[in-house]
Amino acid sequence: AATLLLSRCLLKMVKENIVDPEEILSFCCNGLQGSTSPPRAWEPGEQEEVPGAMASPSPARNPTEVQMSQLVLPCHTNHRGELSTGQLLKWIDTAACLSAERHAGCPCVTASMDDIYFEHTISVGQVVNIKAKVNRAFNSSMEVGIQVSYEDLCSGKHCSICKAYATFVAQGPSGSKVKLKPLTPQTEEEKIEHSIAAERRRMRLVNKDTLKDLLSRSPRETELETRDDSVAVPAAKTRVESVELVLPPHANHQGNTFGGQIMAWMENVATIAASRLCHAHPTLRTIEMFHFRGPSQVGDRLVLKAIVNNAFKNSMEVGVCAEAYGQEMSVSRRHINSAFMTFVVLDQEGRPRTLPMVAPEPGDGERRYREASARKKIRLDRKYVIFCKQTEVPLSVPWDQSNKVYLSYNNVSALKTLVAKANWTLAREKEKVRMYTLEEDKFLSFRIEMSVRITASQAFSLLSDLRRRHEWDSHYASAELVQQVDDDDMIYHVVSQTLSQENKPQDFVILASRRKPCSKGDPYVVAFRSVTLPTHPARAGFTRGETLCSGFCIWPESEEMSKVAYYNQATPGYLNYVTTNVAGLSSNFCATFEACEKFLLKNKEDLIMRLQDL
């Protein structure tokens, strides 16, 4: 009856020319999940668009953006009257899928969901607002950014809940992959997300290697924990196994099990496992990357398994996996998904309670126990380095094996964020060299650029080696390669010619991260930031300097020409000098960059000969 009434209303609206029938058709094809953005009705007195008429001055909305608003009802909540995390995951996955399919123009499936940190809980009667849009499209996959907030209708209060990134794969007939069209970002925020999406993709691919490397290098950090006067609970007592039959309501419009439904089932068994350890109702704080290994269909049986891997003082990690099989028991189970969830138990004041210890099972149980300890360290490093605001992170972060991937990510993403900023002001132009400044908050940033007759790859190779910088930059006395982290990341100890206020030469420990273009239109990137190494502490004869964010971006302009741009975000301690000597500083920068051009032109022929010899 409701469907019939809705159909009659829509038909009447079309006849009375209130709404465009094509918008209704598009809305119906995109699905009626939640209250996604409906067809826009024409307002009274609004004029119809005329072809060739002047466009509205307001910025165009991202065509992939999907907005969903859901009123939290009692059927969506747990025993505390708070929104179930499983239900929230369903809504997040729905909105993200609709956004991906808007860009792809074909069915899309969830490939993975990055780490999610839940900041607040949501109560009955509040509204969940979800905004999803495609950040970047690669070959056949794309990254969708999701922002979740809640709204209290009575007080008008808005609060952020979480931010998530999901990867979707476009599928053609018979499950074949579809090559995606590129996405062109428009706003400053979209340009930043588009640029950094390549770094997040790189970080996902090395996630497993980071854990293996930490376990092999730091076995002592993952030994079994002991506490005084504490009785360990056998991990076997927390084990949960549950089976679900995939029915048509659990499937998406392609007939596959809805990814959000699988995540909700996994969250349910994980919560039960956590409750068996603490004998209380736990609160989910963090989900570590969901990774979908394969599809399941209507009629499949999904076996969901969960167990507490490790319990720390105030939190516990639960491992959960999903396996699928058909009607025939003889067919082996297919591993569909796995994830790790972190729970806490809150007291009446909202503070985390102390949890009992876990006694792992021999063999695989001990392996999972140690891996949980390693993941906790990685998780803290990742949250500290990546998710903190730039002003909250110290200039020199201690470097070690557990956080090397995230420091590299932070190094490159900070530079890419600076590059994508708007409102750069031209401060000086001298022949081919242009200098721009950008003032915001406590930072003053500089950009110096010029076009050079050299290929982008050649300039990238020459400028990424700090050991040669003294050949064109008079501020550098020497640079020693301290550690070759991998092919793309190096750590240098740099000695500067510049004297500090204590009349001592400055030295730096710098992480240099290089990136080749991920796709056409991307620049070559060489990013620099300060790190701390125990092997190179501050020395008495030097003043230890720090660099927050600096580096090069190189864009090919033609087969023989490149635009080389250098960026530097000045730290607060540097601002006093800058504000009293802007004219001299700009002259110094321009002279240094002119020397850089001569260095590139002089050495490009030698570089070509060396490459030919190789």
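Look through 463, 511, 499 and report the one residue that is open to solvent by 10 Å² or more (accessible area, probe 1.4 Å) and among the aliphatic types (A, V, I, L, M). Going through 463, 511, 499 in turn, the sole match is 499.
Only a single criterion out of (1) open to solvent by 30 Å² or more (accessible area, probe 1.4 Å); (2) under 26 Å from residue 422 (Cα atoms); (3) modelled with pLDDT of 90 or more is not satisfied by residue 137, namely (1).
Summed over region 187-203, residues that are open to solvent by 40 Å² or more (accessible area, probe 1.4 Å) and under 10 Å from residue 405 (Cα atoms) total 1.
Just for region 564-613: of the residues that are aromatic (Phe, Trp, Tyr), assigned to a helix (DSSP H, G or I) and within 18 Å of residue 552 (Cβ to Cβ), which one is modelled with the lowest pLDDT? For region 564-613, the residue satisfying everything is 589.
When each of 294, 259 is tested for being buried (at least 22 other Cβ atoms within 10 Å of the Cβ) and over 22 Å from residue 378 (Cα atoms), the lone residue that passes is 259. Taking every residue in region 495-523 that is more than 19 Å from residue 458 (Cβ to Cβ) and pairing it with any residue that is among the aromatic types (Phe, Trp, Tyr) and open to solvent by 50 Å² or more (accessible area, probe 1.4 Å), at least 6 positions away or on another chain, the pairs with Cβ-Cβ distances below 7 Å are 504/542; 505/542; 506/542; 507/542.
In region 204-256, the residue that is modelled with the lowest pLDDT out of those that are of a type in the set (Gly, Ala, Ser) and loosely packed, with under 15 Cβ neighbours inside 10 Å is 230.
For residue 557, the stated conditions hold: it is of a type in the set (Asp, Glu) and either at pLDDT 85 or above or under 36 Å from the mean Cα position of the chain (by Cα) (or both).
Take residue 177 and tell me if it is in contact with a Ser or Thr (Cβ under 6 Å, 6 or more places away or on another chain), farther than 21 Å from residue 525 by Cα and modelled with pLDDT under 90. Judged against the criteria, residue 177 is a match. Within region 331-349, can you find the residues that are assigned to a strand (DSSP E or B) and under 28 Å from the mean Cα position of the chain (by Cα)? Scanning region 331-349 gives 335, 336, 337, 338, 339, 340, 341, 342, 343, 344.
Within region 262-284, being of a type in the set (A, V, I, L, M), open to solvent by 10 Å² or more (accessible area, probe 1.4 Å) and in contact with a strand residue (DSSP E or B) (Cβ under 7 Å, 6 or more places away or on another chain) holds for 272, 284. Could you tell me whether any residue of region 540-551 is part of a strand (DSSP E or B), closer than 15 Å to residue 469 by Cβ and either at pLDDT 90 or above or open to solvent by less than 20 Å² (accessible area, probe 1.4 Å) (or both)? Checking region 540-551: at least one residue is part of a strand (DSSP E or B), closer than 15 Å to residue 469 by Cβ and either at pLDDT 90 or above or open to solvent by less than 20 Å² (accessible area, probe 1.4 Å) (or both).
Residues in region 425-448 that are buried (at least 18 other Cβ atoms within 10 Å of the Cβ), within 22 Å of residue 556 (Cβ to Cβ) and not aliphatic (A, V, I, L, M): 434, 436, 447. Determine whether residue 351 is open to solvent by 40 Å² or more (accessible area, probe 1.4 Å) and either touching a strand residue (DSSP E or B) at 6+ places or on another chain (Cβ under 9 Å) or in contact (Cβ under 8 Å) with a residue 60 or more places away in the chain (or both). When the stated conditions are applied, residue 351 does not pass them. Name the one entry in 179, 131 that is in contact with a helix residue (DSSP H, G or I) (Cβ under 8 Å, 6 or more places away or on another chain), in contact (Cβ under 8 Å) with a residue 40 or more places away in the chain and open to solvent by 50 Å² or more (accessible area, probe 1.4 Å). Of the residues listed, the single one that is in contact with a helix residue (DSSP H, G or I) (Cβ under 8 Å, 6 or more places away or on another chain), in contact (Cβ under 8 Å) with a residue 40 or more places away in the chain and open to solvent by 50 Å² or more (accessible area, probe 1.4 Å) is 131.
The values are calculated or read from the model by the stated rules, or taken from the named source; none is laboratory data. These figures come from a predicted structure and were not determined experimentally. So basically every Cβ, Gly included, is an ideal-geometry build from the backbone, and we count neighbours across all protein chains shown. Heads up: the accessible areas ignore ligands, DNA and RNA and are worked out on the full protein's heavy atoms, side chains in. Shrake-Rupley method; radii C 1.70, N 1.55, O 1.52, S 1.80 Å.
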